[in-house]
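Worksheet for the structure shown next.
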Amino acid sequence: MPFLAAAFFVTALLYAAVGFGGGSTYAALLALWGVDYRLLPLIALACNIVVVAGGTIRFARAKVTPWRDALLVTALAAPAAFLGGLTPIARDAFMVLLGASLLLTGLTMLIPVRENAVAEPGRIARYMPIIAAPLGYLAGLVGIGGGIFLAPLLHLTRWRDARAIAATASLFILINSLFGLAGQMLKHGPHAFGQAISGALPLLIAVAIGGQIGSLLAIRFLPQRAIRWLTAALVIWVGGRLLLGL
C-alpha cells in the first residue's frame with residue numbers, strides 16, 4: 001500500500017498541475033495492483049472528486065468559470081455518466097477501454113494549448129454540449145471524469161481561452177465523477193462502496209495532498225509544457241502496461 005499511495009500522490013500532483021483529476025490513471029494503477037476491477041471505478045471516482053473539488057472552487061473564486069456555457073456542456077454529459085456507471089461490463093472489455101482511454105489521454109496531453117483566445121470559435125464549438133454526452137457515458141463506464149477528453153476538443157475548436165477551458169474541464173470532471181459514482185453505487189450496492197473506500201483511505205489522503213501541491217507547483221514553479229509532457233509519459237506507460245498485460 002505505501003508504494004501505491006506514493007504512485008497516487010505523484011499522479012494527483014501531475015494531473016492537478018494541468019487541471020485534471022487523474023481518474024483513468026488511478027484505475028489503471030489499481031488494476032495493475034490486482035484490485036477487483038468492479039471496485040476500481042468507485043475508488044478512482046472518489047479520488048477524482050477529492051482532487052478536482054478544490055480546483056473548481058479556486059476557479060470559481062477567481063471568476064474565470066464561464067458558468068452558463070460550462071453547465072450547458074455538462075448538462076447532457078452528467079446523466080450519460082450516470083448511465084455509464086449503471087452499465088454492466090465484462091472485465092476484459094473494461095480493461096481494454098481503460099487502457100485505450102489512457103493511451104488516448106496521453107496523446108491528447110501533447111496537443112499544444114493556447115494561452116489566449118486569438119480567433120473566433122470554430123463552427124463545431126456550438127455543438128459541444130451534444131459532443132460531450134458520449135464522453136460522459138464513457139467516463140461513467142470506466143470510472144473517470146472525462147475532462148481529459150473534453151479539454152483537447154475545447155482547445156481545438158477554440159471554444160474559449162485556456163483558463164476558461166481549464167475551469168470548465170474541472171467542473172465537468174467534478175459533476176461527471178459525482179454522477180458516475182452514483183451509477184456505480186447503484187450497480188454494485190452501497191456495501192461495495194463502503195468496502196472500496198474503507199481500504200482506500202491512504203489513497204484518498206495521498207491524492208488530497210498531491211493535488212494541492214500540484215496546483216501550487218503549476219502556479220509558482222514548473223512550466224505547464226513540462227508538466228503536461230511528464231503526465232503524458234506517465235499515462236502512456238501505464239496504459240501500455242495495462243493493455244500488454246491482458
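Numbers below:
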{"quantity": "DSSP-assigned coil residues among trypsin sites (Lys or Arg not before Pro) in segment 7-114, each with at most 14 further Cβ atoms within 10 Å", "calculated": "63, 114"}
{"quantity": "Estimated [θ] at 222 nm from DSSP helical runs (n ≥ 4, -39500 (n - 2.57)) normalised by residues in the chain, nearest 500", "calculated": "-26000 deg cm²/dmol"}
{"quantity": "R0 of 30 Å, Cβ-Cβ distance residue 124-residue 197: FRET efficiency to nearest 0.05", "calculated": "0.15"}
{"quantity": "Ranked list, fewest to most other Cβ atoms within 10 Å of each Cβ, for 24, 198, 101", "calculated": "198, 101, 24"}
{"quantity": "GNM top mover of 195, 212, 184 - the chain, alpha-carbon springs below 10 Å", "calculated": "195"}
{"quantity": "Sequence of 157, 105, 168 once ranked by neighbouring C-beta atoms within 10 Å, starting from the fewest", "calculated": "157, 105, 168"}
{"quantity": "Amide H within-cut-off set for residue 145, under 5 Å, with H built and near neighbours excluded", "calculated": "23, 24"}
{"quantity": "Of 23, 189, 210, the one that fluctuates the most in a GNM where the chain has Cα springs shorter than 10 Å", "calculated": "189"}
{"quantity": "Residue-count net charge about residue 126 - beta-carbon cut-off 13 Å; Lys, Arg +1, Asp, Glu -1", "calculated": "+1"}
{"quantity": "Unit charges on C-beta of K, R, D, E only; dipole of the chain, Debye", "calculated": "480 debye"}
{"quantity": "Using a Förster distance of 45 Å, the FRET efficiency for residue 63-residue 36 (Cβ separation, nearest 0.05)", "calculated": "0.60"}
{"quantity": "Pair residue 161, residue 92: separation of 7 Å Cα→Cβ label points (nm)", "calculated": "5.1 nm"}
{"quantity": "Helical segments meeting 18 Å axial Cα length and Kyte-Doolittle 1.0 threshold in the chain (DSSP H)", "calculated": "2-17, 40-61, 67-86, 91-109, 128-142, 162-188, 201-220, 224-244"}
{"quantity": "Sequence of 185, 1 once ranked by neighbouring C-beta atoms within 10 Å, starting from the fewest", "calculated": "1, 185"}
{"quantity": "Max mean-square fluctuation residue, GNM over the chain, Cα-Cα springs under 10 Å, options 226, 81, 17", "calculated": "226"}
{"quantity": "Lys, Arg +1 and Asp, Glu -1 on Cβ, resulting dipole of segment 128-237 about Cα centre, debye, nearest 20", "calculated": "280 debye"}
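FYI, it's all coordinate maths here, none of it is from the lab. Nothing here was measured: the structure is a model prediction, and the numbers come from that model. Neighbour counts are summed over all protein chains in view; Cβ atoms, including those assigned to glycine, are modelled from backbone coordinates with ideal geometry.
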